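Heads up: the structure comes next, in structure tokens.
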Amino acid sequence: MKIAVIGLGFVGLTLSSVLASRGIITIGIDLDTKKCSKIAEGIPTFFEPNLKKILEKALKKKLIITNKMSSISNCDFIFVTVGTPQKKNGEIDLSMIKVVTKDIGKLVSKNKKKPTILIKSTVIPGTMKNVILPILERNSKKKAGKDFGLISNPEFLQEGRAIQDTIKPHVVVLGGYRTKFMKKTEKFFSEFHPSVPIIITNHQTAEMIKYANNSFLATKISFINQIARICEGIPDTNIDDVANTIGLDPRIGNLFLNAGAGYGGSCLPKDIKAIINLSSKMGVDPILLTAVEKMNKQQINNIIVLIKQNIGEIRGKKLTILGVAFKPNTDDIRDSVGIELVSRLLKLGAKITMHDPKALENARKIFRDNAKYVKSVPSALKDCQCAIIMTQWKDYERINNKTIKHMAKKIIIDSRRILYNKNLDAKYFAIGLGQKEWKFLWQAVLVLSEVIL
Ligand code: UGA
């Protein structure tokens, strides 16, 4: 058995490392030569827990890294894991996948072996049938289903837990025709992931499953953020108690109900936009998904309002952002709400200091000399007039009165309620927590006194 994986990003590098560490001859291919030489030395190009260890093991065993597409010859399976980034209008950009499938087609035309090509990249329903299959058949001058297999194999791994999700996914989806290639692929996956359900369907449905999955996750997040906003207006309510309790209802489930500053990352925002775009083009008004996206954008606006309410004019103020990775356990800042907040605050004239356990160097590539990048939390907080916790890093759980001692003004806005219950000597606001009753009374007294005077 020989497998090729084309595109060594989060999905491709994780998949090829896991396959090879299990003893399967695996060829990891990426056109970026610099990336290839780093990976070949055992250095992943991004941070992902346990990846380095498993990559090193894979390289010692059966992993070969190359930039040569010709290495796919004589492979049984060819996984395509290249990116499908976003265009400005919300559509996905298929240029990379088109180039790769054209090359695969040309190489398959010379191949003696009949490989199965599995597309893991996220593509809009209809892309396999209308774009990828014709490119492969045209360039190979061979027939899908007879001379080679073509299967949609959407990926569901989460960054930060990519290795465990690759070793044991919750499902394997195989989209395509029920040919001998499908049978062989089903056998491979049932041996590779015993006891994981395998769903066999057609291409379009497999493509749609991926978008439905991410749309539902985004909907859950915007739903809980909406409830969190309502909680903020009701004294003493706590969104975590609400989320944990409704999560016990098996019809709801407890995951993805963590209220915060909104969803980010390279997948949910892009996939929601793409499905909204597709739906609108078809004449189906994407009412719910548009609301999900709108709710997501509002979260960050609300944080800015909170900052203004507490410190007044933002221009010239020293603000510290704790966490710029789009979520904990990654250094990925693509479409991160923390990064978005920094951009917005810089435009408003704030002086920004950032802290993040893993993503500082990536943030520096964006903001360069326009912000400060500090490696310790107390130093990052020193002299600042307001701190905003954006990413739920475990490190922030350790913040105490000593850590915040040298803040110029002790105002903390906590998007994940990490410091709730810490009794900090600070003015504390958190997403999803209703203010204490006395604060409302005090505000009422102030309003009344203004009216009377
Ligand atoms: C997401 C999906 O969860 C994966 O199943 C999918 O394979 C992947 O996209 C993809 O399409 O490639 P990922 O982008 O790694 O995975 O990130 P998530 O864990 O889904 O988090 C996305 C965002 O939602 C983050 O900003 C996170 O902080 C936020 N989030 C998540 C919340 O605000 N609350 C939650 O309860 C969960």
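The values are calculated or read from the model by the stated rules, or taken from the named source; none is laboratory data. Just so it is clear, the structure is predicted and the values come from calculations on it, not from any experiment. Cβ: placed from backbone, ideal geometry, glycine included. Neighbour counts: every protein chain shown. Only protein heavy atoms, including side chains, enter the accessible area calculation; ligands, DNA and RNA are left aside. Shrake-Rupley method; radii C 1.70, N 1.55, O 1.52, S 1.80 Å.
Normalising by the residue count of the stretch 315-407, find the relative contact order in percent from Cα pairs under 8 Å and 6+ residues apart.
Averaging sequence separation for qualifying contacts and normalising by length gives 37 percent for the stretch 315-407.
First compute the accessible area of the chain with a 1.4 Å probe, then give the percent of it belonging to carbon and sulfur atoms.
In the chain, the share of accessible area belonging to carbon and sulfur is 56 percent.
With a 10 Å radius around each residue's Cβ, average the other Cβ atoms per peptide and rank 317-323, 420-426, 345-351, highest first.
Output ranking for 317-323, 420-426, 345-351: 317-323, 345-351, 420-426.
Could you derive backbone 3J(HN,Hα) for the stretch 177-193 from the dihedral phi with the Karplus parameters 6.51, -1.76 and 1.60 (θ = phi - 60°), listing whole Hz in sequence and x where the residue is Gly or Pro?
7, 7, 9, 4, 5, 5, 4, 5, 5, 4, 5, 4, 5, 5, 7, 6, 10
Which of the GluC sites (Glu not before Pro) found in the stretch 257-347 are loop residues per DSSP with 14 or fewer other Cβ atoms within 10 Å of their Cβ?
Hits after loop and neighbour filter: Glu313.
Kirkwood-based Rg over Rh for the chain (C-alpha set), two decimals?
1.03
Can you sort Phe326, Phe189 by 1.4 Å-probe accessible area, starting with the largest?
Putting Phe326, Phe189 in descending order of accessible area: Phe326, Phe189.
Taking the highest mean first, how do the peptides 161-173, 206-218 order by number of other beta carbon atoms within 10 angstrom per residue?
Going from most to least packed, we get 206-218, 161-173.
Pairs on different chains or at least eight residues apart, Cα atoms closer than 25 Å: how many lysine pairs in the stretch 175-252 fit?
So the count works out to 5.
Based on alpha-carbon centroids, what's the gap between the stretch 352-379 and the stretch 4-41 in Å, whole number please?
30
Can you list residues whose amide H is under 5 Å from Ile389's amide H, if they're 5+ apart or on another chain and H is modeled 1.01 Å from N?
Leu322, Ile413, Asp414, Ser415
Using a 1.4 angstrom probe with every protein chain in place, what is the largest-first accessible-area order of His406, His355?
His406, His355
Determine the order of Val242, Val82 by accessible area, beginning with the largest, at a probe radius of 1.4 Å.
From most exposed to least exposed: Val242, Val82.
Could you work out the relative contact order of the chain, using alpha carbon pairs under 8 angstrom and six or more residues apart, expressed as a whole percent?
Once normalised by length, the contact order is 12 percent.
For Lys405, which aspartates and glutamates qualify as cross-link partners when the Cα separation must be under 13 Å and same-chain residues fewer than eight apart are set aside?
By straight Cα distance, Lys405 reaches Asp383, Asp425.
Would you mind pulling out the separation of the Cα centroids of the stretch 300-343 and the stretch 151-228, in Å?
33
Go through the stretch 196-210 residue by residue and turn each phi into a ³J(HN,Hα) via Karplus (6.51, -1.76, 1.60, θ = phi - 60°); whole Hz please, and just put x for glycine and proline.
Those phi angles translate into 9, x, 10, 9, 10, 8, 8, 4, 4, 5, 4, 5, 5, 4, 4 Hz.
Could you grab the relative contact order for the stretch 226-353? Cα pairs under 8 Å, six or more apart, rounded to a whole percent.
23
Report Phe223's accessible area, 1.4 Å probe, all protein chains in place, as a number in Å² to the nearest 10.
Surface accessible to solvent at Phe223 totals approximately 100 Å².
Taking a temperature of 25 °C and a viscosity of 0.890 mPa s, what whole-number D in µm²/s does Stokes-Einstein yield for the stretch 96-242 with Rh from Kirkwood over alpha carbon pairs?
Estimated via Stokes-Einstein, D reaches 140 µm²/s.
Looking only at the chain, where both bridge partners belong to it, what percent of the DSSP beta bridges are antiparallel (to the nearest 5)?
Around 5 percent antiparallel, to the nearest 5.
How long are the semi-axes of the ellipsoid equivalent to the stretch 256-342, from square roots of 5 times the Cα gyration tensor eigenvalues, in whole Å, largest first?
One finds semi-axes of 28, 17, 10 Å for the stretch 256-342.
Report, in deg cm²/dmol and to the nearest 500, the calculated mean residue ellipticity at 222 nm for the chain, where each DSSP H run with n ≥ 4 adds -39500 (n - 2.57) and the sum is divided by the residue count.
Calculated at 222 nm, the ellipticity per residue is -13500 deg cm²/dmol.
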